[in-house]
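Here is the structure we will look at.
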Amino acid sequence: TEPDACHLPEHQVSTPLSAIDARVAEAQRTFQTGRTKPLAWRRDQLKALLRLLEECAGEVHTAMDADLGKNDVESHLTEVLAVKSEIKDTIKHLERWTRGQRVSVPFLVGTARADVQRQPLGTVLIIGPWNYPFHLLLMPLIGALAAGNSVVLKPSELAPAVSRTVARLIPEYLDPEAVQVIEGGVEETTRLLEHRFDHIFYTGNGTVGSIVMTAAAKHLTPVTLELGGKSPVWVDPSADLTQAAESLVWGKFSNSGQTCVAPDYVLTTPDLAEPLAAEIARVTTRAFGTSPRTATNYGRIISERHTERLAGLLGSGVPVMGGTADIPARYVAPTVLLDVAPDSAIMQEEIFGPILPILTVADHREAIAFINARPKPLALYAFTEHQEVRDDFLEQTSSGGITFNTVMTQLAVSTLPFGGVGASGMGRYHGEYSVETFSHERAVLRKLPGFDPTRLAKAPISRGMRRFL
Ligand code: NAD
């Protein structure tokens with residue numbers, strides 16, 4: 001018998017498979033009507049999304065608390081404000097970012113005009129993760145709408161309260177035919193991926209990224225893959241230890257370390273490891289008190305399975321702070337580990353939790369060699385006052401982005417592209433880069449009356465001319 005819908009486990013929120021095909025078809029049909037192309041439609045949709053955030057922020061916070069134990073302030077800053085600011089910025093620059101651009105024409109082409117036209121791609125699929133479930137689903141949506149596409153959104157089933165909130169609010173505020181929401185997990189996403197989209201924008205882990213790219217390849221659909229990885233931190237003897245500790249505590253322990261650009265591990269010199277750990281412990285107590293478990297600003301791990309995985313990593317070093325977990329409560333204490341071996345379990349996978357291993361190397365050159373021996377990270381952080389050290393990192397390493405003397409704030413600079421390289425992903429977005437990602441840049445050439453060198457090429461070649469060839 002069918003289980004009672006009220007008693008379904010939370011993660012079973014899903015769109016019936018039979019409805020998925022119809023919703024994708026509706027989004028595609030809507031694009032074909034041309035309705036999503038005028039700037040007025042795009043602007044209206046962006047304004048409606050802004051209204052949703054203004055009128056329903058309370059509901060978003062409640063959902064965020066249910067899924068991740070996020071408090072209102074953190075949820076407001078990282079989920080609501082960040083998205084609102086991107087919408088306002090996009091509305092402000094909509095005309096300039098979507099307008100074609102005239103480019104120069106080489107002399108040999110003669111009198112002509114060349115333009116780059118930005119066209120919407122069509123119907124795009126956006127697949128979101130659970131860690132910033134609202135932000136990471138809506139940020140790409142802004143670019144997709146601004147570029148004039150119709151959209152299919154797939155929130156993460158691992159953040160069921162946010163998924164349900166999105167599925168209810170989006171059709172209420174946005175054009176419900178042009179923006180479709182499909183809820184569900186592997187089965188529903190697999191069904192979605194059978195369809196031919198004009199672009200797929202995926203945020204999540206690399207294993208699923210590869211599944212998405214394989215499915216997209218069948219239709220020659222381009223993809224943007226926003227993946228993760230182990231983002232390293234170098235702390236130099238010249239660094240301000242308090243500034244480094246404050247950044248690390250914020251980056252590693254907000255959202256319980258479940259942030260794609262969270263500092264994953266620290267490399268520092270042997271004499272700095274203990275003072276840095278002590279400073280981190282001091283700042284942590286200041287931020288979360290002596291009992292982080294009861295602190296209202298300290299969150300929870302997304303699921304028991306992930307808590308269990310993190311608990312298994314606690315033995316990879318000696319805890320100088322924290323080191324405990326409570327699996328049923330989805331709690332992992334803010335932890336710093338010393339004496340961590342490079343081949344220990346915690347160094348084999350992205351931690352994605354509130355555990356910070358500190359490893360030691362002789363100097364920044366050894367740190368660079370350590371980083372370069374591993375997959376290219378999404379973010380790379382260095383705390384240093386030396387220009388030569390900054391130059392060495394800039395010239396000798398590769399990563400999605402590199403940030404000096406702070407962490408994670410690169411995300412808030414929408415004039416910078418955000419995305420990975422190598423194992424941390426492909427493609428980029430934010431601000432105008434989002435509009436570029438969701439547009440096709442079409443080459444437009446118009447011949448004008450006047451000089452036409454192709455006439456020469458078409459003319460019979462005289463014996464005299466041949467001498468010059
Ligand atoms: P997740 O488990 O929510 O998965 C992401 C999406 O993939 C979900 O919508 C899910 O339904 C779908 N999915 C899962 N299995 C699938 C399958 N077999 N076939 C098709 N779709 C499937 O999130 P996650 O992957 O655990 O997210 C954490 C990872 O994402 C980390 O590695 C993190 O670094 C990375 N991340 C990257 C960014 C970024 O912007 N670059 C942001 C956040 C997270």
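The values are calculated or read from the model by the stated rules, or taken from the named source; none is laboratory data. Just so it is clear, the model here is predicted, and its values are computed rather than measured. For neighbour counting, all protein chains shown are included, and Cβ atoms are generated from backbone atoms with ideal geometry for every residue, glycine included.
Restricting to the stretch 98-138, name every residue that is part of a strand (DSSP E or B) and within 16 Å of the ligand (Cβ to nearest atom).
Passing the criteria: Val124, Leu125, Ile126, Ile127.
Exactly one condition in (1) small (Gly, Ala, Ser); (2) under 23 Å from Gly185 (Cα atoms); (3) away from the ligand (no atom under 14 Å from the Cβ) is not met by Gly148; state its number.
Unmet for Gly148, out of (1) small (Gly, Ala, Ser); (2) under 23 Å from Gly185 (Cα atoms); (3) away from the ligand (no atom under 14 Å from the Cβ): (2).
Which number in (1) within 16 Å of the ligand (Cβ to nearest atom); (2) closer than 18 Å to Thr384 by Cβ marks the one condition that Asp264 misses?
Against the list (1) within 16 Å of the ligand (Cβ to nearest atom); (2) closer than 18 Å to Thr384 by Cβ, Asp264 comes up short only on (2).
Could you list, in sequence order, the residues of the stretch 404-414 that are hydroxyl-bearing (Ser, Thr, Tyr) and within 11 Å of Val261 (Cα to Cα)?
The one that is hydroxyl-bearing (Ser, Thr, Tyr) and within 11 Å of Val261 (Cα to Cα): Thr409.
Buried (at least 19 other Cβ atoms within 10 Å of the Cβ) and either hydroxyl-bearing (Ser, Thr, Tyr) or at pLDDT 95 or above (or both): which single residue out of Val151, Val208, Val116 fits that description?
Val151
Checking Glu157 against (1) over 20 Å from Thr90 (Cβ atoms); (2) more than 19 Å from the chain's Cα centre (by Cα), which test does it fail?
The number of the failed condition is (2).
Go through the residues of the stretch 341-353 one by one and say whether even a single one is in contact with a strand residue (DSSP E or B) (Cβ under 7 Å, 6 or more places away or on another chain), over 19 Å from Cys260 (Cα atoms) and not acidic (Asp, Glu).
For the stretch 341-353, residues in contact with a strand residue (DSSP E or B) (Cβ under 7 Å, 6 or more places away or on another chain), over 19 Å from Cys260 (Cα atoms) and not acidic (Asp, Glu): present.
With the requirement that a residue be free of Cβ contacts under 8 Å to residues at least 24 places away in the same chain and either hydrophobic (A, V, I, L, M, F, W, C) or out of contact with any Ser or Thr (no Cβ under 7 Å at 6 or more places or on another chain) (or both), what does the stretch 380-400 give you?
Gln387, Glu388, Asp391, Leu394, Glu395
So in the stretch 9-49, with the set limited to residues that are within 27 Å of the chain's Cα centre (by Cα) and outside any helix (DSSP H, G or I), which one is nearest to Val181 (Cα to Cα)?
Among those residues, the one meeting the criterion is Thr15.
Tell me, please, whether a residue that is surrounded by 13 or more Cβ atoms within 10 Å (Cβ to Cβ) and over 20 Å from Gly229 (Cα atoms) can be found in the stretch 422-429.
Scanning the stretch 422-429 turns up no residue that is surrounded by 13 or more Cβ atoms within 10 Å (Cβ to Cβ) and over 20 Å from Gly229 (Cα atoms).
Which residues, taken from the stretch 225-243, are within 11 Å of the ligand (Cβ to nearest atom) and in contact with a strand residue (DSSP E or B) (Cβ under 7 Å, 6 or more places away or on another chain)?
Result: Leu225, Glu226, Leu227, Lys230, Ser231.
What are the residues in the stretch 173-205 that are surrounded by fewer than 19 Cβ atoms within 10 Å (Cβ to Cβ), within 12 Å of the ligand (Cβ to nearest atom) and not charged (D, E, K, R), if any?
Across the stretch 173-205, the qualifying residues are Gly185, Val186, Thr190, Asn205.
For the stretch 240-264, how many residues are under 20 Å from Ile302 (Cβ atoms) and of a type in the set (Gly, Ala, Ser)?
The total comes to 5.
In the stretch 374-415, which residues are closer than 16 Å to Ala244 by Cα and either charged (D, E, K, R) or in a loop (DSSP other than H, G, I, E, B) (or both)?
Of everything in the stretch 374-415, those that are closer than 16 Å to Ala244 by Cα and either charged (D, E, K, R) or in a loop (DSSP other than H, G, I, E, B) (or both) turn out to be Thr384, Glu385, His386, Arg390, Asn405, Thr406, Val407, Met408.
I'm trying to understand the selection: among the residues of the stretch 289-311, which are assigned to a helix (DSSP H, G or I) and under 27 Å from the mean Cα position of the chain (by Cα)?
Hits for the stretch 289-311 are Glu304, Arg305, His306, Thr307, Glu308, Arg309, Leu310, Ala311.
If the requirement is being among the hydroxyl-bearing types (Ser, Thr, Tyr) and either surrounded by fewer than 22 Cβ atoms within 10 Å (Cβ to Cβ) or away from the ligand (no atom under 16 Å from the Cβ) (or both), which of these qualifies: Ser256, Ser303?
Within the list Ser256, Ser303, the selection yields Ser303.
Step by step: first the residues of the stretch 337-363, then only those that are touching a residue at least 40 places away in the same chain (Cβ under 8 Å) and over 28 Å from the mean Cα position of the chain (by Cα), then the one that is nearest to Val320 (Cα to Cα). Which residue is that?
Per the criteria, the residue is Leu338.
Inside the stretch 267-292, can you point out the residues that are closer than 17 Å to Asp236 by Cβ and among the polar types (S, T, N, Q)?
Within the stretch 267-292, Thr268, Thr269 qualify.
Give all pairs with beta carbons closer than 7 Å in which a residue from the stretch 211-224 that is away from the ligand (no atom under 13 Å from the Cβ) meets a residue that is aromatic (Phe, Trp, Tyr); count only pairs at least 6 apart in sequence or on separate chains.
Cβ pairs passing all conditions: Thr221/Phe197.
Within the stretch 223-239, can one find any residue that is surrounded by fewer than 20 Cβ atoms within 10 Å (Cβ to Cβ) and among the polar types (S, T, N, Q)?
Yes, the stretch 223-239 has at least one match.
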